[in-house]
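A short worksheet on the structure shown next.
The values are calculated or read from the model by the stated rules, or taken from the named source; none is laboratory data. Predicted, not measured: the structure shown is a model, and the values here were computed from it. Using ideal geometry, Cβ is built from the backbone for each residue, glycine included, and neighbour counts are taken over all protein chains shown. Only protein heavy atoms, including side chains, enter the accessible area calculation; ligands, DNA and RNA are left aside. Shrake-Rupley method; radii C 1.70, N 1.55, O 1.52, S 1.80 Å.
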Amino acid sequence: QIQEEVSQDLERFGNRLLTEIQPLAWECASNPPVFRQYDAWGQRLDHIITCSAWKRMKEISAEEGLVAEAYERKYSNWSRVHQAIKLYLFSNFSGGFNCPLAMTDGAAKVIESLGISGSLKHAFDHLTSRDPKKFWTSGQWMTERRGGSDVADGTETLAIKQPDGTYHLHGFKWFTSAADSDVTLTLARKADAQGRVKQGSGGLSLFFLKVQDEDGKLNNIKVQRLKDKLGTRQMATAELWLDGAKAELISAEGRGVASISHMLNITRIHNTVGAVAAMRRMISLSREYALRRVAFGKLLKDHPLHMQTIARMEVQTRGAFLLAMEVVRLLGLVETNMASEQDKLLLRLLVPVAKLYTGKQAAAVVIEAMESFGGQGYMEDTGLPVIVRDALVLPIWEGTTNILSLDVLRSLSKSQGQVLAVFISTVQRKLDSASGIEKLGAAVKLVREAVRLVQSASSRGAATMEIAARDFSYSLARIYAGALLIEHAAQPDSSSTDVSAAQRWCNQELCPVGMELRNGSYDAQEVFLDSCLVYDGSPVAHCKL
């Protein structure tokens with residue numbers, strides 16, 4: 001019954017995407033936000049003006065329950081999967097509105113994790129509303145001038161307590177995506193009576209604030225400028241000066257980073273879903289074009305080399321899709337208290353692994369797919385460059401590849417190896433489902449060997465693992481996606497293409513960290529030569545063997 005209801009909802013939503021939402025996406029792309037700082041008489045306004053289509057996207061997001069779905073839990077642990085599939089369909093037709101939805105979902109998750117009470121209940125109800133007139137979107141103001149991911153040392157914003165128990169925030173936020181949001185969560189350092197603050201992550205607390213007051217005026221916030229970005233131009237990203245912005249402390253003092261981590265998990269999952277959606281959209285367009293474009297006397301689909309190129313992208317996308325949905329499935333279990341301890345550990349590992357790997361996949365696939373259109377792929381009026389530009393931020397948003405690779409290592413060390421043990425046992429269990437299936441035998445063998453190599457690599461010292469972090473994380477992603485593809489191909493109703501996708505995925509280098517270890521790439525001398533190669537010939541190079 002659940003599957004039938006969800007399928008009907010998705011079909012209805014798909015029709016709405018094509019008939020109503022896609023034209024709005026084009027309008028958002030053609031009419032990016034405009035910043036009006038002063039009026040005709042020199043009075044400061046700080047108005048961020050968005051187009052009517054952007055405002056309509058907000059209403060549609062509420063009507064479709066694109067955030068609410070996850071918190072109503074109509075389908076218990078499967079509600080997250082239902083939401084994720086709708087976001088997957090919506091992503092490329094959202095006109096960039098998928099970004100504020102990610103932060104809104106993340107803010108709701110933080111509030112839920114802290115306990116929904118008092119003023120936060122009022123905010124939670126707005127963030128998860130299906131009523132367009134009540135629905136709020138949230139920002140996530142973390143990045144400051146001194147730091148992006150390094151919030152511990154890069155956050156300078158001060159929070160000064162007021163007699164009524166609220167706080168006034170003073171500081172400069174360098175990147176604030178969806179600056180037109182209704183509310184936001186932000187980090188700041190609480191100052192004592194003498195104005196002293198505690199440095200490091202232990203000095204950061206989490207605050208909730210409304211962007212505007214009851215009269216529609218900015219909450220002691222000055223908009224310095226809108227960012228001139230490569231992509232996601234449909235969305236207003238701004239530099240903001242907080243000049244006494246009224247805010248509410250919502251975390252325990254000094255627990256800001258720990259509290260906002262719930263938001264980061266959600267936004268990273270949204271990033272993963274968006275990456276897979278971008279890949280799928282570009283491949284769908286590419287294969288449709290191959291049915292129409294004639295070159296050298298025949299359709300592109302009849303050129304074997306062209307089909308091989310698209311097929312390779314297809315394999316990458318299938319692996320990425322299963323990896324994304326596996327993470328969402330685990331999140332649904334955790335949120336409904338149906339997860340085992342092993343599920344929780346696996347989710348902790350797979351969120352950064354899936355985000356970092358699919359972000360890099362998306363960047364590569366969308367560019368390859370654009371090339372499949374020849375010169376037309378480079379033309380703005382095809383809409384393809386918009387997809388490409390917007391996808392290129394995916395390896396950067398919510399933590400770069402290297403930052404998340406180090407987070408993967410933290411998950412291993414903090415769990416004292418339990419995370420990796422659960423990862424390996426889960427992969428082995430999925431491989432066991434294909435035992436006795438001759439066509440999958442070679443793929444299973446390749447994954448088992450990759451598991452052995454990654455387990456061996458994990459026993460290296462901390463210094464080696466830090467250098468190997470990116471290759472190690474790639475290995476985990478490829479191994480797990482390979483196991484998922486094999487498990488899928490082992491189902492009774494699987495097709496020959498499912499088997500082929502599993503085989504082809506597993507024929508790539510599944511364990512790059514093992515290969516690089518064999519090549520000595522992480523040895524001290526090789527690490528030294530990395531800097532020599534980068535700065536060869538420059539004044540800072542002092543490389544002597």
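Entry remark, region 119-142: residues being assigned to a loop (DSSP other than H, G, I, E, B) and open to solvent by less than 30 Å² (accessible area, probe 1.4 Å) number 5 in total.
Total residues in region 445-473 satisfying the condition of being β-branched (Val, Ile, Thr) and open to solvent by 20 Å² or more (accessible area, probe 1.4 Å): the figure is 2. Taken as a whole, the condition of being modelled with pLDDT of 95 or more and open to solvent by 80 Å² or more (accessible area, probe 1.4 Å) applies to ARG225. When region 392-433 is filtered for residues that are closer than 29 Å to LEU446 by Cβ, part of a helix (DSSP H, G or I) and aliphatic (A, V, I, L, M), the ones remaining, listed by number, are LEU404, LEU406, VAL408, LEU409, LEU412, VAL419, LEU420, ALA421, VAL422, ILE424, VAL427, LEU431. Restricting LEU169, LEU187 to residues that are closer than 23 Å to LYS229 by Cβ and in contact with a Leu (Cβ under 6 Å, 6 or more places away or on another chain) narrows the list to LEU187. Applying a threshold of 6 Å to beta carbon distances and a minimum spacing of six or more residues, or different chains, the list of pairs starting in region 507-520 at a residue that is of a type in the set (D, E, K, R) and ending at one that is open to solvent by less than 40 Å² (accessible area, probe 1.4 Å) and at pLDDT 95 or above reads GLU516/ASP471. Residue-level check: of (1) part of a strand (DSSP E or B); (2) in contact (Cβ under 8 Å) with a residue 24 or more places away in the chain; (3) surrounded by fewer than 17 Cβ atoms within 10 Å (Cβ to Cβ), ASP46 misses just (3).
Spot the failing condition for PHE175; the list is (1) within 31 Å of the chain's Cα centre (by Cα); (2) open to solvent by less than 60 Å² (accessible area, probe 1.4 Å), and only one is missed. Looking at each condition in turn, PHE175 falls short on (2). Considering (1) among the aliphatic types (A, V, I, L, M); (2) buried (at least 21 other Cβ atoms within 10 Å of the Cβ); (3) not in a strand (DSSP E or B), the lone condition that ALA247 does not fulfil carries the number (3). Looking at ASN265, ASN337, just one residue is under 30 Å from LYS74 (Cα atoms), in a helix (DSSP H, G or I), open to solvent by 10 Å² or more (accessible area, probe 1.4 Å) and not small (Gly, Ala, Ser), and that residue is ASN265. For region 282-308, which residues satisfy the criterion of being surrounded by 20 or more Cβ atoms within 10 Å (Cβ to Cβ) and within 25 Å of ALA354 (Cβ to Cβ)? MET282, ILE283, LEU285, SER286, listed by residue number.
The selection criterion, being within 30 Å of PRO304 (Cα to Cα) and either free of Cβ contacts under 8 Å to residues at least 60 places away in the same chain or of a type outside the set (D, E, K, R) (or both), does not hold for GLN428. Can you tell me how many residues in region 202-240 are touching a Ser or Thr at 6+ places or on another chain (Cβ under 9 Å) and either under 28 Å from ARG255 (Cβ atoms) or not in a strand (DSSP E or B) (or both)? Looking only at that region, the number is 19. Within region 365-404, the set of residues being of a type in the set (A, V, I, L, M), within 25 Å of the chain's Cα centre (by Cα) and either open to solvent by less than 50 Å² (accessible area, probe 1.4 Å) or over 26 Å from SER475 (Cβ atoms) (or both) comprises VAL365, VAL366, ALA369, MET370, LEU384, VAL386, ILE387, VAL388, ALA391, VAL393, LEU394, LEU404.
For the condition modelled with pLDDT under 95 and open to solvent by less than 60 Å² (accessible area, probe 1.4 Å), VAL273 does not qualify. Count of region 407-444 residues, restricted to those that are at pLDDT 95 or above, more than 25 Å from ASP343 (Cα to Cα) and open to solvent by 10 Å² or more (accessible area, probe 1.4 Å), is 5.
THR155 fulfils the conditions (1) touching a residue at least 60 places away in the same chain (Cβ under 8 Å); (2) open to solvent by less than 10 Å² (accessible area, probe 1.4 Å); (3) more than 25 Å from ARG233 (Cα to Cα); (4) touching an Asp or Glu at 6+ places or on another chain (Cβ under 7 Å) except for a single criterion, (1).
Yes/no matrix, rows are residues, columns are (1) more than 20 Å from LEU24 (Cβ to Cβ); (2) assigned by the TED database to the domain that holds ILE250; (3) modelled with pLDDT under 95:
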position: ALA62; (1), (2), (3): no, no, no
position: TYR71; (1), (2), (3): yes, no, no
position: PHE93; (1), (2), (3): no, no, no
position: THR143; (1), (2), (3): yes, yes, yes
position: TYR167; (1), (2), (3): yes, yes, no
